[in-house]
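Following: one structure in structure tokens, then a few remarks.
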Amino acid sequence: MKNKLTLFSVFFVLLFAVFTSAAIVSHPSSGEATSESNSFKVEFDTIKGSLYLGEKAEFQITITNNLINSSDYDLDFANTGEWLPIRTDPIYHGLTGMEVSGTSSDTTTVIIKPRDTTGVGSYIIESVITSGDEKVSVLLPVTILSTSELTGVYVPDIKATVQISEEVDPREPVELLVVLKNNNFRNITNLTINIESELLGKKTIVETLDPNEAKTVKVPFPVDPLQKPTTDTIYTIVYADDTQFTPAAKTFRIVDYTDELTKNIIEKDTFLKDKKIITFTNDGNVRKGEQYKLEKTWFQRLFTFSSEDPQLFEQDEKKYISWYVELDPTESKQIITSTNFRPLFYVILFIIIAVLLHFLFKSPLIVEKKFTNVSVDEGGISEIKVLINIKNSSDKRIKDVEVIDRIPHIADIKQNFDVGTLKPNKILKHRKKGTIVKWKLEDVEGSEERIIKYEIKSKLSILGNFRLLPTVVKYKTPKGREVVVRSNSLVVPKTSD
């Protein structure tokens, strides 16, 4: 019963609208007028003269030139404010006029659209066509129909589309556009938009849509800036009252915006040492790896130390150390490398100082100990002649030089010294140290060389090698500092002559 009443209401309203339209539209739908001199004629035909608000009326105007030569015709329309700017098709006919060849015709279309505030009823729009001093006017009838009786019975008719960029950078705001168009006069006060995506989640928006209104709804979606590249699909359902509209699903892709790893390099250069602290950071949304290299010569590499062992390689005849760094999104890593020449500098400096000190504090006396005339008896060493060579390498005199030599217990010094040989001042017997022999030299002139000779005789035949201890020479500098110089030691083999 309810459905029958609804159908009857619809039929009644439509029938009422038809009779109302017939009653309102009472002007002729076509007509013609001729200029006073019969130089041209204007005809009009109504394409659409009755309309609802939001629609447009259309008329065809034909101008016939009765002259032999071509003429220009200007079109003007009396717009009293109920209409949007009246235009023609082609549009230049209304702007610059129409040129019609002699004894021929040309046609243009006039398009008239009412303003939203124009009331229901019949209107006459005067169109004036001018050529030279002559004018011809035609009356174009337009009827605005009432839609109040029909609005309530329109079934929701909505065109809905979804727009989103095919490639989305997750660092930027993601904006979904839902484009809506109400295709009839139904006023939709409860328009529900349901949006769902695996990545973006769910969102519901409630909107309104006026009769014949077009609207674009902007829906922002937050995305994790570290979202890895992936493909997702957005599904949208639009509900207008109880009617469902399903726009086509839209697929988009999260792009990989990872470029190179960000490198923050801190350099600290000090005396003979340079230090680099390299901090790598992955600011992208996928795992990223890259090779980082530093040019180092083979000599520099000897003094380069790093927090991680580098790889060595050669490229374009240049030598490098390098590290392969691979990081997850937001991950950071630090490598510290240092080239330090200070140890080498200190070694060289120490050697230079040691050499300088050696020459600075080196004793000018040079003492050398030798042996000769080794006698062998019963297969062993029996006698040895010892030479002590003392030389002053400076040009200054050295005073009070004391020479001390030691002879092991197994041998004794022979007391019969050759003529011209410097005799010892003292010969002492020591229970542990053996025989101690001392000579006193009052002075040794600069560049002078002194030789002390003595012979020793073994108490028993020495079957093996015979070792003689270094000779000790002592003197004092002019400032009273005691200087001690030692000669070399001697090992006398039994086979020596």
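The values are calculated or read from the model by the stated rules, or taken from the named source; none is laboratory data. On a predicted model such as this, the values are computed, not experimentally measured, just so you know. Here the Cβ is made from the backbone with ideal geometry for all residues, glycine too, and neighbour counts use every protein chain on show.
Working only within segment 209-245, note down all residues that are more than 37 Å from the chain's Cα centre (by Cα) and touching a residue at least 60 places away in the same chain (Cβ under 8 Å).
Hits for segment 209-245 are P211, N212, T236, V238, A240, D241, T243, F245.
Go through segment 466-485 and report how many residues are polar (S, T, N, Q) and at pLDDT 90 or above.
1
Every residue, every condition in (1) in contact (Cβ under 8 Å) with a residue 40 or more places away in the chain; (2) closer than 30 Å to L176 by Cα, yes or no:
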{"site": "D116", "(1), (2)": "yes, no"}
{"site": "T130", "(1), (2)": "yes, no"}
{"site": "D133", "(1), (2)": "no, no"}
{"site": "S137", "(1), (2)": "yes, no"}
{"site": "T143", "(1), (2)": "yes, no"}
{"site": "T161", "(1), (2)": "yes, yes"}
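Which count do you get for residues in segment 295-328 that are of a type outside the set (D, E, K, R), touching a residue at least 40 places away in the same chain (Cβ under 8 Å) and crowded, with 17+ Cβ neighbours inside 10 Å?
2
Say whether the condition of being among the aromatic types (F, W, Y), at negative phi, surrounded by fewer than 18 Cβ atoms within 10 Å (Cβ to Cβ) and not assigned by TED's automatic domain parsing to the domain that holds D242 is met by at least one residue in segment 83-96.
Yes, because at least one residue in segment 83-96 is among the aromatic types (F, W, Y), at negative phi, surrounded by fewer than 18 Cβ atoms within 10 Å (Cβ to Cβ) and not assigned by TED's automatic domain parsing to the domain that holds D242.
Considering only residues that are assigned to a strand (DSSP E or B), more than 30 Å from F466 (Cα to Cα) and not aliphatic (A, V, I, L, M), which ones fall in segment 386-411?
K399, D400
Please go through segment 130-166 and pick out each residue that is polar (S, T, N, Q) and either under 23 Å from I86 (Cα atoms) or modelled with pLDDT under 85 (or both).
T130, S131, S137, T143, S146, T147, S148, T151
Taking F59 and the conditions (1) of a type outside the set (A, V, I, L, M); (2) at pLDDT below 95; (3) under 16 Å from I125 (Cβ atoms), which numbered condition does it fall short on, given that it satisfies the others?
It is condition (2) that F59 fails.
Only one of these is of a type in the set (D, E), part of a strand (DSSP E or B), free of Cβ contacts under 8 Å to residues at least 60 places away in the same chain and under 30 Å from T117 (Cα atoms): D76, D72. Name it.
That would be D76, the only listed residue that is of a type in the set (D, E), part of a strand (DSSP E or B), free of Cβ contacts under 8 Å to residues at least 60 places away in the same chain and under 30 Å from T117 (Cα atoms).
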